[in-house]
Amino acid sequence: MKKVFLMLMLFAPLATFAQKFGHVDAQSIMQSMPEFIKARGELEAQGKQYENELKGMQDEIQRKGDEYEKTKSTMNATKQQETEASLQQLMQKYQQAYQDNQQNLQKMQAEKMQPIMNKITTAIKNVGKNGGYVYIMDVSAGIPYISDTLSKDVTSDVKAEINKLK
């Protein structure tokens, strides 16, 4: 009898301190947000604009290169050197524009996505605090298995919380 009572006393605190765990799919939440859809559209439009500018530069380099190859045999050495230097400058200008465009897109992406990520994080924290969760895991981060009996999917709760934050 003492052993049973002792066993109950040992395991009783574990039952009273049961911990709640949740999981969320932050990627699906983000993709359903109007702010994300708008930001993604703006980023794609800017990327397309940069792509068109680079295409124009490539076409110019190609055209001038072809023209140089056709007239190279009739040029004197000085004119050949000047034309080659001009083509080299165009290539360097193209490479610099490509690098600048990549940096600008990365900066723009960070500026557009940071407020969205902050909003999602705030909503997850609010759901965690209000629901008494010890830990909420993001399944879009690549967690291979989550037990449905030990962890509750709080994605819909976070979406509702985001709507409250507006």
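The values are calculated or read from the model by the stated rules, or taken from the named source; none is laboratory data. In this text the structure is predicted, and so the values were computed from the model without any measurement. Cβ sites come from the backbone with ideal geometry, for glycine too, and all protein chains shown count toward neighbours. Remember, those area values only see protein heavy atoms, side chains included, never the ligands or the DNA or RNA. Shrake-Rupley method; radii C 1.70, N 1.55, O 1.52, S 1.80 Å.
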Leaving ligands, DNA and RNA out of it, rank 153, 138 by accessible area with a 1.4 Å probe, largest first. 153, 138
Share of the chain's accessible area from carbon and sulfur, percent, 1.4 Å? 55 percent
Residue 114/residue 145 FRET efficiency (R0 41 Å; Cβ-Cβ; nearest 0.05): 0.85
Excluding residue 47 itself, calculate the net charge of residues whose Cβ lies under 12 Å from the Cβ of residue 47, where each Lys or Arg counts +1 and each Asp or Glu counts -1. -2
Would you calculate the separation in nanometres between label points at residue 135 and residue 42, each defined as 7 Å from the Cα along the Cα-to-beta-carbon direction? 3.6 nm
Any chance you could give the angle, 0 to 90 degrees and rounded to 10, that helix 34-71 forms with the longest Cα principal axis of the chain? 20 degrees
Contact order normalised by residue count of the chain, Cα under 8 Å, 6+ apart, percent: 50 percent
Beyond 27 Å between alpha-carbons counts as too far, so tell me which of 20/164; 112/152; 72/93; 20/119; 107/129; 55/119 fall in that bin. 112/152; 107/129; 55/119
Counting each pair of different Cα atoms once, what's the Kirkwood radius of the chain in Å, rounded to one decimal? 21.5 Å
